[in-house]
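The values are calculated or read from the model by the stated rules, or taken from the named source; none is laboratory data. These figures come from a predicted structure and were not determined experimentally. Note: ideal-geometry Cβ built from the backbone for every residue, glycine included; neighbour counts use all protein chains shown.
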Amino acid sequence: MNLDDYRGVWVFIEQNDEKIEGVSLELLGAGRKLADKLQVPLAGFLLGHEVKPLAKEVIAYGADMVYLIDLPVLKHYRTESFMKGVMHLAKQYKPEIILYGATPNGKDLASAVATDLSTGLTADTTMLDVDIDSRLLEASRPAFGGNIMATILCKKHRPQMATVRPKVMKALEPDASRLGKIIEEKISVEEEDIRTKVLQIVNDVTKKANLADAHVIVCGGKGMGDLQNFQLIYELADTIGASVGGTRDVVEAGWLRHEQQVGQTGETVTPKIYFAIGISGAIQHVVGMKNSEFIIAINKDPNAPIFDVSTYGIVGDAMEIVPKLIAQFKKLKAEKGGEMIYV
Ligand SMILES: Cc1cc2nc3c(=O)[nH]c(=O)nc-3n(C[C@H](O)[C@H](O)[C@H](O)COP(=O)(O)OP(=O)(O)OC[C@H]3O[C@@H](n4cnc5c(N)ncnc54)[C@H](O)[C@@H]3O)c2cc1C
């Protein structure tokens, strides 16, 4: 394999119901930086049916070009049909880097493509960079239970591929005046060629707390002591119109559902305000919340690592402090009238 045959940075543009997933826009922001450093174009590749109008949005968010395959067989994501599309594009245009969102579909597609192209894939990346001299992608992610950050290189194969967790990278401000090329490709894949059939799409309505999109999150840890005390977390969240999250220990204790877990094996969140109450600040938790705008930590241990990433820290017993906060917020609401609005 001649590595110099491969040039350009690509981003998988994941779309559902003709709407681009947020992580794909975030990856265009991250990909832009990599492409500029390597002095190559940034391309989005978009597969679907009747999705051409989305190509302009991909360009507005930073791409120089969009590779588009539009076919009825690509209407819903299926590994086989999407893989055929990506394989066609990758073999024809030979990008040196491909980024995918670490969503269920992104992970599925990336691993299938990596297998067929016999190349490497770094999963669940949280940091990306490139070495300009070697042109190697430096994909970093927590390893060994989150105790270290490992930077993974793919030295001998191309393309270099990584999946990146949603909400870790930042999307650029869209610029509708940006110009770019749309390159439409044809592949011959018929419905009969695909073994998986989509019979029905059923939306998951069980997730009450959508942490990934919450503006304010009150997150409780094992320091709350027991399930009864944990109700203070709900009361504070209810008072200020926030969502409730927790650490893995709290989920394992059965105080919260798994989808409310924040961290390496839970959700990555970026709210405006993040309360971390009775949370020690283990690296596996911190990787999921450290990009919040304001982090307010309450912990009785002044040396708790959570204070290292906090904007404001309150040292003390949560059982005393949280009721006071609730009372104060309730008073404020009564005085001002109405609900809290976060701007
Ligand atoms: C592979 C792997 C993946 C993991 N993934 C995740 C993940 O996704 N998310 C996650 O959260 N964890 C994860 N963990 C677990 C993580 O390592 C920690 O064990 C966990 O985050 C600790 O939870 P905690 O802060 O609630 O509990 P603890 O570490 O027990 O901390 C409790 C804190 O509460 C404070 N406290 C005690 N009483 C009070 C009080 N009355 N008032 C105020 N403060 C008080 C204590 O000082 C302490 O700092 C993972 C671990 C591994 C190995």
Within segment 278-291, restricting attention to residues that are within 21 Å of Leu256 (Cβ to Cβ) and surrounded by fewer than 21 Cβ atoms within 10 Å (Cβ to Cβ), which residue is farthest from the ligand (Cβ to nearest atom)? Lys290
Which one of these is within 30 Å of Ser24 (Cβ to Cβ) and in contact with a helix residue (DSSP H, G or I) (Cβ under 6 Å, 6 or more places away or on another chain): Ile183, Ile148, Ile194, Ile201? Ile194
Thr126 vs. criteria touching a helix residue (DSSP H, G or I) at 6+ places or on another chain (Cβ under 7 Å), surrounded by 19 or more Cβ atoms within 10 Å (Cβ to Cβ) and over 17 Å from Leu38 (Cβ atoms): no
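Scan the helices (runs of 4 or more DSSP H) fully inside segment 167-286 and keep the ones with 2 or more residues being β-branched (Val, Ile, Thr) and over 17 Å from the mean Cα position of the chain (by Cα). It would help to see each step written out before you state the result.
Working: elements: 227-240, 248-252, 283-286.
So the answer is 227-240, 248-252.
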Residues to consider are Lys84, Lys56, Lys107, Lys91; find the one that is basic (Lys, Arg), closer than 19 Å to Arg178 by Cβ and either out of contact with any His (no Cβ under 8 Å at 6 or more places or on another chain) or in a helix (DSSP H, G or I) (or both). Lys56
So, Gly225, is that one in the same structural domain as Ala276 (by TED's automatic domain parsing), buried (at least 22 other Cβ atoms within 10 Å of the Cβ) and either within 10 Å of the ligand (Cβ to nearest atom) or among the hydrophobic types (A, V, I, L, M, F, W, C) (or both) or not? no
Hey, does segment 321-339 have a residue that's within 15 Å of the ligand (Cβ to nearest atom), outside any loop (DSSP other than H, G, I, E, B), in the same structural domain as Asp249 (by TED's automatic domain parsing) and out of contact with any Leu (no Cβ under 7 Å at 6 or more places or on another chain)? yes
Do we find a residue being small (Gly, Ala, Ser) and touching a His at 6+ places or on another chain (Cβ under 7 Å) anywhere in segment 242-265? yes
Set Phe307, Phe275, Phe294: member being in contact with a strand residue (DSSP E or B) (Cβ under 6 Å, 6 or more places away or on another chain) and within 11 Å of the ligand (Cβ to nearest atom): Phe307
Return the total of residues in segment 143-159 being out of contact with any strand residue (DSSP E or B) (no Cβ under 8 Å at 6 or more places or on another chain) and at pLDDT 95 or above. 3
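Return yes or no: is Ala162 in contact (Cβ under 8 Å) with a residue 24 or more places away in the chain, away from the ligand (no atom under 16 Å from the Cβ), part of a strand (DSSP E or B) and not basic (Lys, Arg)?
Judged against the criteria, Ala162 is a match.
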Determine, yes or no, whether Ala212 is farther than 19 Å from Ala318 by Cβ and either in contact (Cβ under 8 Å) with a residue 12 or more places away in the chain or among the hydrophobic types (A, V, I, L, M, F, W, C) (or both). yes
When both residues are 6+ apart or on different chains and their Cβ atoms are under 7 Å apart, which pairs have a first residue that lies in segment 45-60 and is in the same structural domain as Ala171 (by TED's automatic domain parsing), and a second that is acidic (Asp, Glu) and in a loop (DSSP other than H, G, I, E, B)? Val51/Glu18; Leu54/Glu18; Ala60/Asp175
So is Arg257 more than 30 Å from Lys84 (Cα to Cα) and either away from the ligand (no atom under 16 Å from the Cβ) or not hydroxyl-bearing (Ser, Thr, Tyr) (or both) or not? yes
Is it the case that Ala242 is of a type outside the set (Ser, Thr, Tyr) and more than 11 Å from the ligand (Cβ to nearest atom)? yes
Inside segment 4-53, can you point out the residues that are under 22 Å from Ser134 (Cα atoms) and part of a strand (DSSP E or B)? Val9, Trp10, Val11, Leu42, Ala43
